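Working notes, structure below.
Read-outs throughout are calculated quantities, based only on the coordinates presented, and are distinct from any laboratory measurement. The structure displayed is predicted, hence computed values, not measured ones. Every residue, glycine among them, receives a Cβ derived from its backbone with ideal geometry; neighbour counts consider all protein chains shown.
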Amino acid sequence: MDFIISTMQWINDLPFSEGMRGSFWMFPAFETIHVIAIVIVLGSITRLDMRLMGLIWRERPVTEVATEMLPWTWTSFVIAAVFGLMLWMSKPLTYFGIAFFDMKMVLILLAGINMLFFQYVTFRDVAVWDRFPIPPAAARFQAALSLGFWLMVVVCGRLIGFV
């Protein structure tokens, strides 16, 4: 535990971290970019998840929707992660004690595990059900989980600011 605290203290004392805390505009600007990127993540993943649940675009192949949405999802996720890391660096010791921050990180991890399971198990036989108006139950369930995880990431992220 001492190693974690001393590492966070070292990050807290970096010139970038001190500059972020001392700047009038840096934190709000970086937070704005982080939030916009999260909105794009949520919007693009919602479109794919809703198709996987059979709620929209039933006439479009799932692979077509995935090909269209996932570049937006991944690009915006990377931007959100980079700017989120820089926001965290401004006060690592503060964030360490916020349960909503911990929950947000766990939910992102769970969303990633769900995505990996979907990609390497459920999606393997997409050629069979790609054009089905309503995909198989496993795909619908994982899409609902994905949407739930990402919505809770947003809720937890918003609640961090109130602690």
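Before moving on, here are some points about what is shown:
- Based on C-alpha pairs under 8 angstrom that are at least 6 apart in sequence, the chain has a relative contact order of 32 percent.
- Two numbers describe the Cα atoms of the stretch 74-156: Rg and Dmax, which are 16.0, 50 Å.
- Cα long-axis angle, helix 62-90 against the chain (0 to 90 degrees, to the nearest 10): 10
- Descending by average beta-carbon neighbour count within 10 Å, the peptides 143-150, 64-71 line up as 143-150, 64-71, the highest first.
- Peptide packing: for 31-42, 91-102, the average count of neighbouring Cβ atoms within 10 Å per residue gives the ranking 31-42, 91-102, highest mean first.
- A helix-only calculation puts the chain at -26500 deg cm²/dmol for mean residue ellipticity at 222 nm, using -39500 (n - 2.57) for each DSSP H run of at least four residues, averaged over all residues.
- Whole-percent P(r), the stretch 1-133, all Cα pairs, 10 Å bins from 0: 11, 32, 27, 17, 10, 2.
- Listed residue (79, 118, 26) projecting farthest to the positive dipole end of the chain, Cβ model: 118
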